[in-house]
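Read-outs throughout are calculated quantities, based only on the coordinates presented, and are distinct from any laboratory measurement. What you are looking at is a predicted structure, and each value in this text was computed from that prediction instead of being measured. Cβ sites come from the backbone with ideal geometry, for glycine too, and all protein chains shown count toward neighbours.
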Amino acid sequence: MHSKKILLVYTGGTIGMMQDLNSGDLKPLDFNQIVKYIPELSRFPVNIDAYTFPPIDSSNIAPDVWVNVAQLIFEKYNLYDGFVILHGTDTIAYTASALSFMLENLTKPVILTGSQLPIGVLRTDGKENIITAIQIAADTDSNEMPVIQEVAIYFEYKLFRGNRSIKFSANHFDAIQSPNFPPLAEAGIDIEYNYNVLYRSENKTLQLSKNLDNSIAVVHLFPGISVEMLEKQFSDIHCKALILRTFGSGNAPTDEKFLKWVENLIKRNIIVANVTQCLQGSVQMGKYETSKYLKELGVIGAGDMTFEASITKLMYLLGKYDDINKVKNLFVKNLRGERSE
Ligand code: ASP
């Protein structure tokens, strides 16, 4: 048994921030200062190398950062047993979802974590999050195979599938949840893995997709939404896909003007995807009359995928395939454990 090698990748976020003494604003620290606050890292029974990107608040994350992180993991894949990515919590679920699509056939753990309080603060949650994330990234089963072979988020004693996760709370320590999927593990005195739900890819050769297409628009429905405004807004927009954030199990108004607007988008070869505003449950088009029409028009349903998984999956599919039927067919399929069949 060799001692495990983990690459700790720092991208920014509260976990590595400090209060600016003059303005009181939280500003990113450089990585060496984080290590100073966690001396335990040097006592860890695994070899940890660090890689730091210019630290940013995760609200500034864009697909080019995902490409850089995915590229780094791809290049260093054979050199390490696992990867831990320190990331701001605001968009951690988007990054985890995007990485899960970009890195196909993972057989090693990619664990993202962050914190609600900066590492230098007495009551920080960051220390435990980093230490346990590293432990999980290094854990192997009785065959010496990594227990986790997918992109996951570790937060406040729970490990979640990355592409099933959402940021749920802006102020509680248990900020991340996966409302439609059980946790992959819970950390108590021991780390208890939920072996039945862990993802395993069929193919074992890692593949990287770096082409992400963000020509996607989102419309969040609300009672009283103005179809006139929608028509104007989308009259000459060049998006390839539009996500409709619908009510309940994928329902939307049935008034003629609204349906005509949707129909025209589809006629213009824009993919229209139905993603519910609910955090739990799934889109079931046809269950109610208020979703039946969408299905008939050719709207595709996100099932129980999160919004974060739906939008990053579309970016990935649109970047990979020109054929919109292929994109539509794959969107409604389970690719990385992001949706129930
Ligand atoms: N604004 C911070 C970020 O996402 C919040 C956090 O890390 O919790 O980068």
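Some observations on this one:
- Local electrostatic count at Tyr316 - Lys and Arg +1, Asp and Glu -1, tallied over other residues with Cβ under 11 Å: +1
- Overall form of segment 101-152 per C-alpha gyration tensor (a/c, 1.5; a/b vs b/c): oblate
- The Cα atoms of the chain define a convex hull whose projected area, averaged across directions, is 18.6 nm².
- Lys267/Ser340 FRET efficiency (R0 25 Å; Cβ-Cβ; nearest 0.05): 0.20
- Across Lys167/Lys210; Lys210/Lys260; Lys108/Lys267, pairs whose alpha-carbon gap is larger than 32 Å: Lys210/Lys260; Lys108/Lys267
- Classification of segment 177-251 by its C-alpha gyration tensor yields an oblate form. The axis ratio a/c (a ≥ b ≥ c) is 1.5 or more, and b/c is at least a/b.
- Cα shape, segment 229-320, gyration tensor, a/c 1.5 rule: oblate
- In terms of its Cα atoms, segment 22-174 spans 52, 35, 27 Å along the principal axes, sorted from long to short.
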